[in-house]
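Undergrad: Pasting a structure below so you can have a look.
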Amino acid sequence: MTIRINNSIATFLRTQLGWDKLTEIQEKTIPAILDGNSVLIVSGTATGKTEAAMIPI
């Protein structure tokens, strides 16, 4: 994972959830949220919208 999320969260995502990478929507939105921007996430079902909003929190 190349975006700047907390190291322990990245480790959890890899080891506990088996994620090798984030989805496209997560890669696009997490940095914007971490920069303090308000973000409206619109994407198809099962694309990782919930995680995109929750990982930065």
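Undergrad: Quick one: dipole size for the chain, taken about the Cα centre, charges +1 on Lys/Arg Cβ and -1 on Asp/Glu Cβ, in debye to the nearest 20.
TA: Details: 5 positive and 5 negative charges, 11 e Å.
So the dipole magnitude of the chain works out to roughly 60 debye.
Undergrad: Relative contact order for the chain: what percent, with Cα pairs under 8 Å and sequence separation of 6 or more?
TA: Working: 42 pairs, mean separation 21.1, N = 57.
Value for the chain: 37 percent.
Undergrad: While we're here: Working from Cα positions, state the angle (0 to 90°, nearest 10) between the long axis of helix 24-34 and the longest principal axis of the chain.
TA: So the helix axis and the longest Cα principal axis differ by about 80 degrees.
Undergrad: Using the 10 angstrom Cβ neighbour count as an exposure proxy, how do Leu34, Leu13, Leu22, Leu40 rank, fewest first?
TA: On the way: Leu34 13, Leu13 18, Leu22 21, Leu40 5.
Lowest count first: Leu40, Leu34, Leu13, Leu22.
Undergrad: FRET efficiency for Thr45 and Phe12, Cβ-Cβ distance as r, R0 = 35 Å, nearest 0.05?
TA: Taking R0 as 35 Å, the efficiency between Thr45 and Phe12 is 0.90.
Undergrad: Kindly write out, for region 41-57 in residue order, the coupling ³J(HN,Hα) from the Karplus curve 6.51 cos²θ - 1.76 cosθ + 1.60 (θ = phi - 60°), rounded to whole Hz, with x marking Gly and Pro.
TA: 9, 10, 7, x, 4, 6, 9, x, 4, 4, 5, 4, 7, 7, 4, x, 6
Undergrad: Roughly how compact is the chain, stated as its Cα Rg over 2.2 N^0.38 Å to two decimals? Provide the component values of the computation, followed by the final result.
TA: Numbers: Rg = 10.8 Å, N = 57, 2.2 N^0.38 = 10.2 Å.
Ratio of Cα Rg to 2.2 N^0.38 Å: 1.06.
Read the figures in this text as sums done on the coordinates, not as results from a lab. Quick caveat: nothing in here was measured; it's all calculated off a predicted structure. Quick reminder, even Gly has a Cβ in these numbers, built from the backbone with ideal geometry, and neighbours come from all protein chains shown.
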